[in-house]
Each structure stands twice: as C-alpha cells, then as structure tokens.
Amino acid sequence: MDPRTLKIKAAAEALTYVKDGMRLGIGTGSTAEEFVRLLAEKVAAGLDVIGVPTSERTAALCQELGVKLTTLEETPVLDLTIDGADEIGPELALIKGGGGALLREKIVAAASAQMVVIADESKNVDTLGRFPLPIEVNRFGLAATTIAIEKAASDLDLSGSITLRMTGGEAFVTDGGHLILDASFGRIPDTRALSSALHAIPGVVEHGLFLGLARVAILAGADGIRTRTQ
Ligand code: 5RP
C-alpha cells in the first residue's frame, strides 16, 4: 500500500475521535494534512469544530479548506489534538519536529485534554532515536548551544552529529523565528534524562521528545489499523 493511502487511513480513523463542538489542536506534516482534508469534508457537511493550528502551513491549509480557526490565546484549553510523528516508541513517547513545528506542536498538545497521534506503522519503534532528534534553538549563541548539547549528550553516553537544518541553501527558520539542530544520537534509551538535560541548556527553546503527551496512536499498516493506547 502506498504511503499516502496509509496516512489517509490513519487520518480517517482519527476523525472518529472528533465530536461536534470540540476545540481541536491541528498538527503539522503530511499525515496531519490528510487529517485536515478529511476534517474539512466533515465541516462542509455540518460538523462544528474550531481548531488551533500548530504551524503557519497548517493554518494556511485550514483557511483554504474552510476549517474554522482560533488561537491559543482565545481558546487556551483544547479537547483534542491530532498530529503526526516521526517516531513512536514505548509508552507512546514520540520524536516530533521533522516538519520544524515542534514548539507549537508541543504547546498545543500540552493544552489539550487528549493527544491522538496518526502515522503509518513504519514510525513505530522499540527505542526512539533512529530519526534524528530535532532541537529548536535560539539563534543567539548557536555555537555555544551546540557544544552544550554535545556535552549533555556525552554525559548520557550519547554521541553523533548535530547539524543545523538547512532549506534552499539557508538555515531553516521556525514559525517562532528560531533555528533547528538535528541531533543524530542513535538509540536514546533514557528519553527522560535527555529531555531534562536539554531543557537545562539556556539556548534550547524546546526539543522534539514528546513524553507523556500522547494517549492514543493510530498506526496504519498493510494489514489495517492498529491502535496503541497509554
Ligand atoms: C512536524 C512533525 C510531523 O508531525 C512529523 O514530522 C511527521 O510528519 P509526516 O506526517 O509528514 O511524516 O512533527 O513538526
């Protein structure tokens, strides 16, 4: 089955969690965009929901397709966030940020009563870390922050390349105006320790380890849909 079909299947299953009147967090990435397309069809058919987009890209798609939007300032408590992920590990710990939206994604997920993750089965892993960990950093002190991340990783017996994310020959800039470092540490056995160590570095704005946020993961594979819960 082609990857897009799997994304659509996961997104369609996620729609069953959406109820009339809900305040939604709306994720970023190709899988989340399939969800937005299906959601827009339901909205056109009369479903009344309002969404907080996790990126300018998602906001633009929602506007184009007629999904009503609000902001987290206007609507600071959300019922449900639906979002994709780059990896889904034990206890539904996630790596996110492949699309560069991790900061808003994490803020929105944390403001939601429930987070449902949608992905194809290939994103499900035994240990997080095959996918490079995105770390959103302030532009100021980039070199010092990179050294501090290397040191924090080394203290946890992790090592690997840390590269500045580029796009079109320029540094990728997030919706918040920050930069992204992609850290290829390999397997991350102790995600909580790495999360705490990264949060302790002043130049780190946020990182892509989502721990204790997702309650449900909908995984689409060739054999059908599998739902993991936490
Ligand atoms: C964006 C994300 C995405 O959810 C993640 O990269 C998965 O994207 P896709 O559905 O395109 O594979 O975290 O910051």
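With a Cα-only, solvent-free Debye model of the chain, what are the log10 I(q)/I(0) values at q = 0.10 Å⁻¹? Ignoring solvent entirely, the Cα scatterers give -0.44. Each listed q (0.21 Å⁻¹) maps to a log10 I(q)/I(0) for the range 34-112 from the Debye sum over equal C-alpha point scatterers, namely -1.03. Within the shell of other residues whose beta carbon sits under 12 angstrom from the beta carbon of residue 127, the net charge comes to -2, with Lys and Arg scored +1 and Asp and Glu -1. Among 184, 159, 196, the residue with the largest mean-square fluctuation in a Gaussian network model of the chain, with springs joining Cα atoms closer than 10 Å, is 196.
Taking the 1.4 Å solvent-accessible surface of the chain as the whole, the part contributed by carbon and sulfur is 52%.
Dividing the mean sequence gap of close Cα pairs (under 8 Å, 6+ apart) by how many residues the range 133-204 holds gives a relative contact order of 46 percent. Rolling a 1.4 Å probe over the heavy atoms of the protein chains gives the chain an accessible area of 44 Å² per residue. The number of Lys pairs in the chain with C-alpha atoms less than 23 Å apart, excluding pairs fewer than 8 positions apart on the same chain, is 19. The Cα trace of the range 103-230 gives Rg and Dmax of 15.6, 48 Å, the first to one decimal, the second as a whole number. As a length-normalised measure over Cα pairs under 8 Å and 6 or more apart, the relative contact order of the chain settles at 23 percent.
Near residue 221, the amide H atoms lying under 5 Å from its own belong to 121, 226; only residues 5 or more places off or on other chains count, and H is placed 1.01 Å from N. Between 140, 35, 185, the Gaussian network model of the chain with springs among Cα atoms under 10 angstrom shows the greatest mean-square fluctuation at 140. Largest mean-square fluctuation among 66, 169, 97, in a Gaussian network model of the chain whose springs join Cα atoms under 10 Å apart, belongs to 169. In units of the compact-protein estimate 2.2 N^0.38 Å, the range 10-76 shows a Cα radius of gyration of 0.98.
The values are calculated or read from the model by the stated rules, or taken from the named source; none is laboratory data. For clarity, every value in this text was computed on a predicted model and none was experimentally measured. Heads up, the Cβs are rebuilt from the backbone with ideal geometry, glycines too, and the neighbour counts pull from every protein chain shown. Calculation scope for accessible area: heavy atoms of the full protein, side chains included, ligands and nucleic acids excluded. Shrake-Rupley method; radii C 1.70, N 1.55, O 1.52, S 1.80 Å.
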